[in-house]
Amino acid sequence: MRKTLLACMFAGLVSMSLGWVTHSEAQASISSADWAAYKDKFLDGSGRIVDDANGNISHSEGQGYGMLLAFLANNRGDFDRIWSFTRTELMLRDDGLAVWKWNPDTNPHITDPNNASDGDLLIAYALGRAGSNWNRPDLYESATAIAKGISKTSLFQNQSRTLLMPGLAGFSTEDRPDGPVVNPSYWVFEAIPVMATLDPKANWSGLTSSGLKLLEAAQIGPRKLPPDWLSLSSAPKPANGFPPEFSYNAVRIPLYLMRAGNIDRKLLETFRTGMSGPDGSVELVDLPSGTPVHTLTDPGYRIIPAMISCVLDKTQLADDLKTFQPTSYYPSTLQLLALSFAQRSHPECL
Amino acid sequence: MNARALLFGASALALMASGVYVTGKIGDWSSLVASNGFLAAQAQTAPQANAKPKVDETALRYFARQGDQKRLDAEIARLRALYPDWIPPENPLALPQQSDQSLDAMWKLYSEGKLAEVRKAVADRQASDPTWQPPADLLDRLAVAEAREQIINASTIKQYDTVVRVASTNPSLLTCGDIDVLWRVAEAFAQSDRKDRAKDAYSYILRNCTNPEERLATVQKAMPLLPRSDLNTLLALERKAPDGTGEFAILRDDLARQSVAAADADSELVIPQSDVETVTRLAREDKLASDALALGWYYVRRDDPQQAEEWFRAAQASEDSATASQGLALALIDQNRPSEAEAVLYKWRDTNDDTKAVYMAAVSNLLAVVPPVPIRPEVLSRMVPEIVKSKDAAAAQQLGWYADGFNQFETASQWFATALSWKPDDEPSAYGLTLMRWKLDNQLGVAEMQQQWARESQRIARVGQPEPQRPEGQRGTVPMPAYGPDQIVAATPGQTTQPAYAQPAYTQPARAQVVNTQPALREIVRQARPAGEPAPVVQAQPRAQEATSAPRVAASQAPVQRVAKSQAPAQRQAGCSTTIDPSVLSAQSALNRGWCLMELNRPLEAADSFQVALRSLTGQAREDAAYGQSLAYLRLGLSDKAAVAAAKAPQQKARSVELNTALLTAQATGAFEQGRWTETIMALDQRAQIAPERMDLMVLRGYAFLKLRRFNDAERIFRAAAGTGNRDAQRGLAAVKDAREGGVN
């Protein structure tokens, strides 16, 4: 059962990547009004995406999201602006990857040279798509360099599976007793086939399948949800030193699955059941007990289980989810990613 | 190489970059740079085709219109360098108005350093007008400005490969006009194990760039990064003023200082003598404490404590500091002058771990001096709390031997026990404790120690067993047990080999003020001593005696129980356990044999050997022999013979004082024991002329007066001694009172 399912999903991913290569995306899937509202609130003139709920810092993840959204909004000027900041301020590491955090209040702004592999993936993914669609070799070259950097330094083998190191320092078997520790939400599934095009020699398809297997295996506690940080030293379990919670990281996993074309009903239903609170809210969950730690009502979070219902059951999105009103950086980003996906692949949801 | 090839595999830029990394030939860096024709100074007229290049004057016009004279001048210089045939317009301000307002806005953003916004403006305009092409000049300058940001940011977080990679793909950044980038690239080479490339980069600056401050700073930046040979290459590029002074003269001084400082940290490092001479000259001329300190450390690390002492004293004179005192103390310890070392470092002892360690080394060495010299009570009482505070087992053990040296066996055993409590596996302390128990006739205690230690230590097991080679003629109040002084020597670190101190790492501790809030000395001793700690050794305290009986002070034996390294000539390791007639030996061999026998505690044979050695023709050997013989006789308790022996050769002043002091002490105690009170006082008077009177001898003098019924004198002496808390003196006072009242004595 699972085998055929995985095979189907893999086929889906391949066809999607082919689609990406062959079809132009001249038409924007994010409206210029929505993008303008987003960038007014979160894009600094210097080209940095500001995480306003987090001390106004910037990070490689935010820059990657910003570039992806600018690409989806077909806004070349803003794309180049964000990339310029990203290149000069974050693409500093000797291995060609991005430093993960930029703090406006410190001098120098970089205080920790570590990377975050989801940020690296998102930046390379946005560059790859923009380079290909806008016929910009400079962007495509940069995308290729980062993809190769990721496969060289961040992909690793563990118990005959290909995994993604969350950051080069601090997560490996050498670095901690419960290592390796991974973050399942760093698997940006839609980006992985693009990486395979940029860097065909690496085992990117293995990364997709291991990510899906992890999501099957890490259904922890009464609500069968994955933790943000997962220890793989033995059977998957919440990593030491982090709260054993399904939290702000893991909450985006089903969105990533759907955007990558994954319609595994059983998996998506497990997420929807586990994360849903009253009145369409989303709950962050203490996994051992299954009790909610926070209840999130921001449309950017609520749209995720609602999207699952639409994709699986053709349930239309509610009006307040369809309209974009920026709140704070992270949920607003997730909402635009969800709306862009609905616009392109499920117009019936809108 | 692999990482870079992976990252930039297909690009032409990568080929250029990897050329830099892989080929190791000197000159590649500059040739790479030059081949891109970036540098105004070199401006190698790039082999342009015949066609005149079209010079992009957009920026020129923009800056002219803005009235930005500085940028305008820079742009003219840049274009001239790029296009040697180009003639700048006579009046750039009169250039025709540029009608492209959107491009103007881009230049404005560029001149404001808003690079990301220029990118946005260019992309927006291209999106709305696909036929529009941005000026190549603008794109080039934008790329270079972004690369500059990237280099500076990467350099700040030490991502040196990125610095080199970005610089090599943007060679037009590397100009004298932006020296900071050149410095960062050179540093990146040096910090990523490409010192040759770094040297090329710095050389490149010195060959081409003219700003004097920047040239000086270039060599300064290279100094911590490059080896001396490379620095010499850079210094050779020095430019001289018309009067002949080189621009790097001041740096040569710094380089010499740096060289000596490196030698300070590494005693194996060999540096040019000229560097030492330069710093010596600077230290004499400028009188900077730092230069004197550097020389002090240099010499102390090179076993030249006399020179080290001289420079540390010079440093102290310029600026007294913990470092200078610490160095001076080390130099003094190296010269077997631990007493001075202790005094020098006392006030700085708590500054840091190093000063603490050196201070305790001074204390240990001072206590280990053989023959033991009486330590002034105030020095002893300030050392003891430090020993207790630092729980220094080695020093406590030395205190034990020191007390033993003055026959204070009870005190000695307490200190050995204390040392053991701080360091339970310390065999020498266990040995000392066993020995003291044996001397105190505590057979149960000896058995207890032997049961515990017999397996680890043969000599502990042997304590109390009869000594087959016990020399004849031995007498005296101190029972000579079956141990030889050699064993004590072996048990006390730092006597026959190195002084017992650990050389601390050379650090520059911050100058610290030691606030002197010391209460009276006795208070310190009392306060610093936790309950149950042994009393400090106080020479005035003879062993417990009947209040009325005269104290028995066996000082004569004490100072000669151990043989000092300092007095003993070298080559003592030659064995002397066999029995031979010393008269067959050469004078020097006899001398060596004498010292050897002293170490085996066979003073009778030693005295014979020294007698043979007295035939020597050299004054020094005769002096040594006479000294050794008198020590041997003193050990045998034959003070008369000792005095005769001492007179057989003229002695150095220090030695003669030492010998005479010991002889007079022995004479006084001997006379007292034989009831010759007047002679006792005469000996003590003579002794007092060459050495301060010890507390126990004051008490002795008091009793002598008492015996002579000179009650007033006796009372004066006892009162003075009792003022220091001496219990024997207090008993003496009581005895005087009794005698006056009852006439008992």
**Request:** Looking only at the stretch A:196-221, count how many residues are in contact with a Gly (Cβ under 8 Å, 6 or more places away or on another chain) and assigned to a helix (DSSP H, G or I).
**Result:** 2
**Prompt:** Any residue in the stretch B:321-333 that is buried (at least 21 other Cβ atoms within 10 Å of the Cβ), within 30 Å of residue B:209 (Cα to Cα) and small (Gly, Ala, Ser)?
**Reply:** no
**Complete:** Given the conditions (1) touching a Phe, Trp or Tyr at 6+ places or on another chain (Cβ under 7 Å); (2) farther than 29 Å from residue B:691 by Cβ, every one holds for residue B:365 apart from (2)
**Asked** For residue B:371, are the conditions met, namely being within 21 Å of residue B:429 (Cα to Cα), surrounded by fewer than 24 Cβ atoms within 10 Å (Cβ to Cβ) and at pLDDT below 90?
**Response** yes
**Prompt:** Which one is nearest to the chain's Cα centre (by Cα), of the residues in the stretch A:136-163 that are away from chain B (no Cβ under 11 Å) and of a type in the set (S, T, N, Q)?
**Reply:** A:154
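Name the residues in the stretch A:298-327 that are touching an Asp or Glu at 6+ places or on another chain (Cβ under 8 Å) and farther than 20 Å from residue A:261 by Cα, would you?
Once the filter is applied, which keeps residues that are touching an Asp or Glu at 6+ places or on another chain (Cβ under 8 Å) and farther than 20 Å from residue A:261 by Cα, the stretch A:298-327 yields A:299, A:324, A:326, A:327.
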**Message:** Here is a list: B:735, B:721, B:704, B:739. Which entry is more than 27 Å from residue B:641 (Cα to Cα), assigned to a helix (DSSP H, G or I) and touching a Phe, Trp or Tyr at 6+ places or on another chain (Cβ under 7 Å)?
**Reply:** B:739
**Prompt:** Quick check, is residue B:200 buried (at least 19 other Cβ atoms within 10 Å of the Cβ), in contact with a Gly (Cβ under 8 Å, 6 or more places away or on another chain) and either acidic (Asp, Glu) or more than 27 Å from residue B:76 (Cβ to Cβ) (or both)?
**Reply:** yes
**Prompt:** Out of the stretch B:180-195, which residues are crowded, with 18+ Cβ neighbours inside 10 Å, closer than 27 Å to residue B:82 by Cβ and either of a type in the set (Phe, Trp, Tyr) or away from chain A (no Cβ under 13 Å) (or both)?
**Reply:** B:181, B:182, B:183, B:185, B:186, B:189
**Asked** Which ones in the stretch B:608-643 are assigned to a loop (DSSP other than H, G, I, E, B) and modelled with pLDDT of 80 or more?
**Response** B:614
**Message:** Being among the small types (Gly, Ala, Ser), outside any strand (DSSP E or B) and surrounded by 15 or more Cβ atoms within 10 Å (Cβ to Cβ) is the filter here; which residues of the stretch A:37-63 pass it?
**Reply:** A:37, A:46, A:47, A:60, A:62
**Prompt:** Of all residues in the stretch B:102-120, which are more than 9 Å from chain A (Cβ to nearest Cβ) and part of a helix (DSSP H, G or I)?
**Reply:** B:102, B:103, B:104, B:105, B:106, B:107, B:108, B:109, B:110, B:111
**Request:** Just give me the residues in the stretch A:171-186 being assigned to a loop (DSSP other than H, G, I, E, B) and hydrophobic (A, V, I, L, M, F, W, C), in sequence order.
**Result:** A:171
**Request:** Within the stretch B:121-135, identify whether any single residue is within 11 Å of chain A (Cβ to nearest Cβ), in contact with an Asp or Glu (Cβ under 8 Å, 6 or more places away or on another chain), among the aliphatic types (A, V, I, L, M) and assigned to a helix (DSSP H, G or I), and answer yes or no.
**Result:** yes
**Prompt:** Restricting attention to the stretch A:68-118, which residues are of a type in the set (A, V, I, L, M), within 18 Å of the chain's Cα centre (by Cα) and either assigned to a loop (DSSP other than H, G, I, E, B) or more than 12 Å from chain B (Cβ to nearest Cβ) (or both)?
**Reply:** A:68, A:69, A:72, A:73, A:97, A:98, A:99, A:116
**Asked** Is it fair to say residue B:226 is crowded, with 17+ Cβ neighbours inside 10 Å, part of a loop (DSSP other than H, G, I, E, B) and in the same structural domain as residue B:148 (by TED's automatic domain parsing)?
**Response** yes
**Request:** Would you be able to tell me the number of residues in the stretch A:193-205 that are surrounded by 22 or more Cβ atoms within 10 Å (Cβ to Cβ) and closer than 24 Å to residue A:236 by Cα?
**Result:** 1
**Request:** Filter the stretch B:136-175 for residues that are assigned to a loop (DSSP other than H, G, I, E, B), at the interface with chain A (Cβ under 9 Å from one of its Cβ atoms) and either surrounded by fewer than 17 Cβ atoms within 10 Å (Cβ to Cβ) or among the β-branched types (Val, Ile, Thr) (or both) and give the result.
**Result:** B:157, B:158
**Request:** Within the stretch A:149-170, track down each residue that is within 13 Å of residue A:202 (Cα to Cα) and without any contact (Cβ under 8 Å) to a residue 24 or more places away in the chain.
**Result:** A:157
**Complete:** Restricting attention to the stretch A:41-57, the residues that are at positive phi and either within 18 Å of the chain's Cα centre (by Cα) or more than 14 Å from chain B (Cβ to nearest Cβ) (or both) number exactly 2
**Message:** Looking at B:411, B:351, B:418 in this structure, which one is assigned to a loop (DSSP other than H, G, I, E, B), out of contact with any Phe, Trp or Tyr (no Cβ under 6 Å at 6 or more places or on another chain) and surrounded by 22 or more Cβ atoms within 10 Å (Cβ to Cβ)?
**Reply:** B:351
**Request:** Select from the stretch B:285-336 the residues that are without any contact (Cβ under 8 Å) to a residue 24 or more places away in the chain and of a type in the set (Lys, Arg) and list them in ascending order.
**Result:** B:313
**Asked** Taking the stretch B:658-697 on its own, how many of its residues are in a helix (DSSP H, G or I) and among the basic types (Lys, Arg)?
**Response** 1
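The values are calculated or read from the model by the stated rules, or taken from the named source; none is laboratory data. Bear in mind the structure is a predicted one, so any value in this text is a computation, not a measurement. Virtual Cβ from ideal backbone geometry, glycine too; neighbours counted across all protein chains shown.
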